[in-house]
Ligand code: SF4
């Protein structure tokens, strides 16, 4: 796939756009004013590889919490601002590494100008975060939702450019996946700025991950997208894990192990579902990109297990353990997870 070349921008130590790796980000779900809980959640996100964290800044107290939160974490922090431009100014003053503004609720040029001047002084990028649920009134009411989203973003982009500001990132999120894809495909051709892609309000993990994968991976496969957020009604850790799985599936990033596990069938003589879930949980602690296989029988088992860095092919009460294509030993069912993880950790 040919990646769309965008203008790189910098959020603290993290580059978004250009040929930088596609960045995985998430958003805290704690009350930002609760500094301790917010730091704890950001640290959990850092532990699973999250590279940028956004926080809601709904009031002055939340903006005032930014310096203390930043002192407790190492990830760049993006302040999510709606309605009140003064909160954006406070967040910049407090050291936010990025801002997200919604043109649907902060669009008055004089207010945007004040924010842009303050961001420019500090070299802090602004995401123009358009959401289908909070669009500004369109000039042309005949436009479809995707076109209205693009128009809203372009209007805000022009305003920022007129102020000689180009540290811009753009997102155009809708719940409807085809609308989201249409909007991003359109804006990708009209601006040089990096794109933050995602499907908004996608739902709980079971359905939200599917909706997000369909939207995000369709765009990524067309070379569109510089940073992703999988929006889920779940702990944000799940968003980060899902984000990396999308990137790994498209061979765009390596992050932690890939688990190959067979779906199991009538041939299986061990509880492969339980075993794969246990191994998946253990693998979350591993950061090295390894291929680990958990296979249910002798049909595809030895082949897949041999092809992996570490693998087991199960039979009745026993399994053959493979490492780098070589048969290591036979292990008993009670030792499956411990033996497999022992070899993984050794690697
Ligand atoms: S590897 Fe064996 S147990 Fe697993 S799905 Fe294939 S045939 Fe069934």
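Report note on the peptides 180-192, 87-99, 112-124: ranked by the mean count of other C-beta atoms within 10 Å, highest first, their order is 87-99, 180-192, 112-124.
Highest average first, the peptides 285-294, 50-59 ordered by how many other beta carbon atoms sit within 10 Å of their residues are 50-59, 285-294.
Among 268, 233, the order by Cβ neighbours within 10 angstrom, fewest to most, reads 233, 268.
Counted residue by residue at 0.36 nm each, then reduced by the alpha carbon distance between them, the extension gain from residue 105 to residue 143 reaches 11.7 nm. For the options 12, 303, 243, a Gaussian network treatment of the chain with springs between C-alpha atoms closer than 10 Å singles out 303 as fluctuating the most.
Once you have a ≥ b ≥ c as the square roots of the Cα gyration tensor eigenvalues for the chain, tell me rounded if a/c is under 1.5, and otherwise prolate or oblate according to whether a/b is larger than b/c. Judged from the Cα gyration tensor, the chain comes out prolate (a/c at least 1.5, a/b above b/c). Sorted ascending by nearby beta carbons within 10 Å, beginning with the fewest, 261, 212 become 261, 212.
With a Förster radius of 56 Å applied to the C-beta separation of residue 222 and residue 269, the computed FRET efficiency comes to 0.80.
Classify segment 291-347 from the C-alpha gyration tensor, please: rounded if a/c falls under 1.5, else prolate or oblate depending on whether a/b exceeds b/c. Note, shape of segment 291-347 comes out oblate. The reciprocal of the average 1/r between distinct C-alpha atoms defines the Kirkwood hydrodynamic radius, which for segment 234-291 equals 12.7 Å. Here the gap between residue 166 and residue 20, fully extended at 0.36 nm per residue and compared with their Cα-Cα distance, gives a gain of 50.8 nm. Based on the alpha-carbon gyration tensor of segment 167-316 and its eigenvalue square roots a ≥ b ≥ c, which shape applies: rounded if a/c is under 1.5, prolate if not and a/b is larger than b/c, or oblate? The shape class here is prolate.
Can you compute the helix-only [θ] at 222 nm over the chain? Use -39500 (n - 2.57) per DSSP H run of at least 4 residues, normalise by all residues, nearest 500 deg cm²/dmol. Value at 222 nm, helices only, nearest 500: -13000 deg cm²/dmol. For the chain, the longest principal axis of the alpha carbon atoms and the long axis of helix 272-283 meet at an angle near 60°.
Relative to the longest principal axis of the Cα atoms of the chain, the long axis of helix 35-47 makes an angle of roughly 50 degrees. Angle of helix 336-346 to the longest C-alpha principal axis of the chain, folded into 0 to 90 degrees and rounded to 10: 60°.
Readers should treat all values here as calculations from the given coordinates under stated rules, not as data from a laboratory. These numbers come from a predicted model, not from an experiment. Cβ sites come from the backbone with ideal geometry, for glycine too, and all protein chains shown count toward neighbours.
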